[in-house]
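Beneath this line is the structure, given in structure tokens, with notes to follow.
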Amino acid sequence: MYENFATKYRPQIFEDVKGQDAVIKTLSNSLKMGRIAHAYLFFGPRGCGKTSVARILAKALNCHKPQNFQPCNKCASCKEIGESKSLDVLEIDAASHTKVEQIREAIIESVNITPSRDKYKIYILDEVHMLSKSSFNALLKTVEEPPEHVVFIMATTEQTKVPATIISRCQSFRFKLINKEMIAERLKGILSKEKIKAPQDALRLISEASGGAMRDALTILDRCASFAGGDINSDTTRDLLGHVNENLMKDLAFAILDKNASLLHKSFIEISSEGYDTQIVLINLRALFAEAFLFSQGFSKNSGSLIKEISKAGTPAVLAKISRHLGIIIDETRFSDSLNIACEMALFTLIEKTVDIQAMINRLEALEGKITSLGHSHETCGNTDDNILKKKTVLENNCATLKENKNIHKESAVFSGDLKSEFAEDKSPTLCGVSYPATTASAGRQGATLNGRPKPHEGSPFVWKKLLGRMSSKRPVLYNVLASLKVVFKDEKTWVLSSDNKFDLETIKKNKKELEEIIEEIAGIKISIIVSIDSSENKTARLEEISNAPNIEKTANEADSLSEEIEPMIPPEVKEELAALSKAPPTEAGKWEELSSDDNFDSDPELKGLKKIFKGLKISKISKRQEKTNRVTGNQ
């Protein structure tokens, strides 16, 4: 009678077991030292040798003529165990003995009976996780304290279903999946005994299809040998395993990489006409992109021609993302009622996802750096005097624009002070609310960048903005102080921060060291901060208040629009009072005068108008100065 490869070439001694070195070494040493446990639990994936090792251990324990603590496979005991006929080694299929009555009859009632011939009475329980909870409970006492002549060997593929009370009473051994190279080597040895030829590529396909299970690999090999009718080749192996031919896989891969929708649709037509399993196609495609990624990173030795082509066609990041998204598509379409359509539509969406986001981010960051480094100037730093002249002209035009807008919209401007005097008194031009010396233009002749970063002097406005951005999230209070200061970039390594507010200056002094460290981190060079009192009457426009000249006109337009909205809300009599006040000659400035609520407001036209404006408010106190403004404090 014909015997299949999985049974015919089942391991008979410990040395025949592949890929379980830790388990084999532990069991061999325990036999040599006589440290035999009363219960063993073997767990791990299917087809990796759990039951085979259980039988080998049983033979080693009951062998009449052991050779170096290995079973001889010649004595009566070894032969009977190998044929599952031994009276002292009972193999019980737990899946068919789940009830507690069956366990009581098969094990508990017979456990005290001594072995008929051999040294140990051994119970091998395969798929032990299938036992019911009551059956496990019935076994607890027996497994914990069995008679001296009893050994339990339990095997399972799902250790998590075995109660912890059973696991704690056993010596547990984890069986792992066998690597592809070891499986291929084992298959090669079997084929040499069977006198069948097979290329290495066919053995690789079989080992990959086995999923790390030796039994599955032997079953597939047996099927391939029958299908080929003799020697095995790669094409017959692919056909038997349902693998897609290499040309179709290539078309699919490059349709995704090149975003070729027509080629993708053509490939799916071929998949349908050839009758390929779409799920297997996607699994193979995912493995192909994963292998190409590993090869591009130098992690894989698989250097097939198709893998080389794919690794050159896409960046490692794109290959990895495609492989990951294919895995998601496989899970999503697994139970689809129309698998081909679902998979094809999913791959069409995948075409839109294969954008190298990191490359785009790098390009945007590089562009941002260039724009920011030149943000304080409308011209790129050049090597001719014409560029310097253009810069000077731009600065003068900006000054004239700012001055004109300020004169037209004096009341609605977002900053105070005469910009003309600002530029006249301070020779350092101010753009975007920060000041820097005129020597910046000449410094630009030596190049605008240093190791990809703007030079500290020319990039100082950029560094200042970065500093404010960081402080706004980390230290909001300090950010508010910095935003209110006047900053002048004296030279490449010196900034001057000035203000007329002593509290702000003291705050900067206390945090000076921290600020210098952050600036050094941003600019790449140590920059010193000098804190000084700003005694000038005209203050520089703040960075947070103005970013460019057109903002002034925009703000003025918003102020005009706001005035148009408020004007209809003012009562007519108040308008007349205000018009009269605007025509009255200005009074001379005097000292502040405290007026209590007992004073007669009606005697003063100005106070009378204010009282009408603040109708509904109980005025408790008015601080009045003979000037342009009145300050009113009150409560509802």
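The values are calculated or read from the model by the stated rules, or taken from the named source; none is laboratory data. Everything quoted here is computed from the prediction, not taken from an experiment. Neighbour counts are summed over all protein chains in view; Cβ atoms, including those assigned to glycine, are modelled from backbone coordinates with ideal geometry. Remember, those area values only see protein heavy atoms, side chains included, never the ligands or the DNA or RNA. Shrake-Rupley method; radii C 1.70, N 1.55, O 1.52, S 1.80 Å.
Of all the criteria given as (1) of a type in the set (D, E, K, R); (2) at pLDDT below 90; (3) surrounded by fewer than 17 Cβ atoms within 10 Å (Cβ to Cβ), the one not satisfied by residue 238 is (3).
Could you grab me the full set of residues in segment 23-45 that are within 10 Å of residue 170 (Cβ to Cβ) and open to solvent by 50 Å² or more (accessible area, probe 1.4 Å)? Once the filter is applied, which keeps residues that are within 10 Å of residue 170 (Cβ to Cβ) and open to solvent by 50 Å² or more (accessible area, probe 1.4 Å), segment 23-45 yields only 38.
A quick yes/no check of all residues on (1) modelled with pLDDT under 75; (2) touching a helix residue (DSSP H, G or I) at 6+ places or on another chain (Cβ under 7 Å); (3) outside any helix (DSSP H, G or I); (4) charged (D, E, K, R):
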residue	(1), (2), (3), (4)
506	no, no, no, yes
518	no, yes, no, no
559	yes, no, no, no
564	yes, no, no, yes
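Filtered by the rule that a residue be modelled with pLDDT of 90 or more and either acidic (Asp, Glu) or more than 26 Å from residue 43 (Cα to Cα) (or both), segment 203-221 gives 203, 216.
So how many residues does segment 137-179 have that are buried (at least 19 other Cβ atoms within 10 Å of the Cβ), assigned to a helix (DSSP H, G or I) and touching a Ser or Thr at 6+ places or on another chain (Cβ under 8 Å)? Total satisfying the criteria: 0. Could you say whether any residue in segment 337-347 is more than 23 Å from the chain's Cα centre (by Cα), assigned to a helix (DSSP H, G or I) and modelled with pLDDT under 75? Scanning segment 337-347 turns up no residue that is more than 23 Å from the chain's Cα centre (by Cα), assigned to a helix (DSSP H, G or I) and modelled with pLDDT under 75.
Of all residue pairs spaced 6 or more apart or on separate chains, those with beta-carbon atoms under 7 Å, a first member in segment 342-368 that is acidic (Asp, Glu) and a second member that is modelled with pLDDT of 85 or more and not in a helix (DSSP H, G or I) are 356/315.
Examine segment 110-130 for a residue that is out of contact with any helix residue (DSSP H, G or I) (no Cβ under 9 Å at 6 or more places or on another chain) and in a helix (DSSP H, G or I), and state whether such a residue exists. The answer is no; no qualifying residue exists.
Please go through segment 288-311 and pick out each residue that is part of a helix (DSSP H, G or I) and free of Cβ contacts under 8 Å to residues at least 12 places away in the same chain.
Taking segment 288-311 and keeping what is part of a helix (DSSP H, G or I), we get 288-296, 305-311.
294, 305 - these are the residues of segment 288-311 that are part of a helix (DSSP H, G or I) and free of Cβ contacts under 8 Å to residues at least 12 places away in the same chain.
None of 228, 290, 209, 313 is open to solvent by less than 70 Å² (accessible area, probe 1.4 Å), more than 17 Å from residue 343 (Cα to Cα), over 33 Å from the mean Cα position of the chain (by Cα) and of a type in the set (A, V, I, L, M) except 228.
Pairs are defined by a Cβ separation below 8 Å, a sequence spacing of at least 6 or placement on different chains, a first member in segment 213-241 that is closer than 20 Å to residue 6 by Cβ, and a second member that is of a type in the set (D, E, K, R) and outside any helix (DSSP H, G or I); the pairs so defined are 213/46; 214/18; 215/46; 216/46; 232/197. Within segment 50-64, does at least one residue satisfy the condition of being open to solvent by 20 Å² or more (accessible area, probe 1.4 Å), more than 53 Å from the chain's Cα centre (by Cα) and over 24 Å from residue 140 (Cα atoms)? Yes, there is a match, as at least one residue in segment 50-64 is open to solvent by 20 Å² or more (accessible area, probe 1.4 Å), more than 53 Å from the chain's Cα centre (by Cα) and over 24 Å from residue 140 (Cα atoms).
Count of segment 261-287 residues, restricted to those that are farther than 15 Å from residue 328 by Cα, open to solvent by 50 Å² or more (accessible area, probe 1.4 Å) and free of Cβ contacts under 8 Å to residues at least 60 places away in the same chain, is 8. Only a single criterion out of (1) modelled with pLDDT of 90 or more; (2) under 47 Å from the mean Cα position of the chain (by Cα) is not satisfied by residue 119, namely (2). Restricting attention to segment 499-524, the residues being under 14 Å from residue 464 (Cβ atoms) and not acidic (Asp, Glu) number 6.
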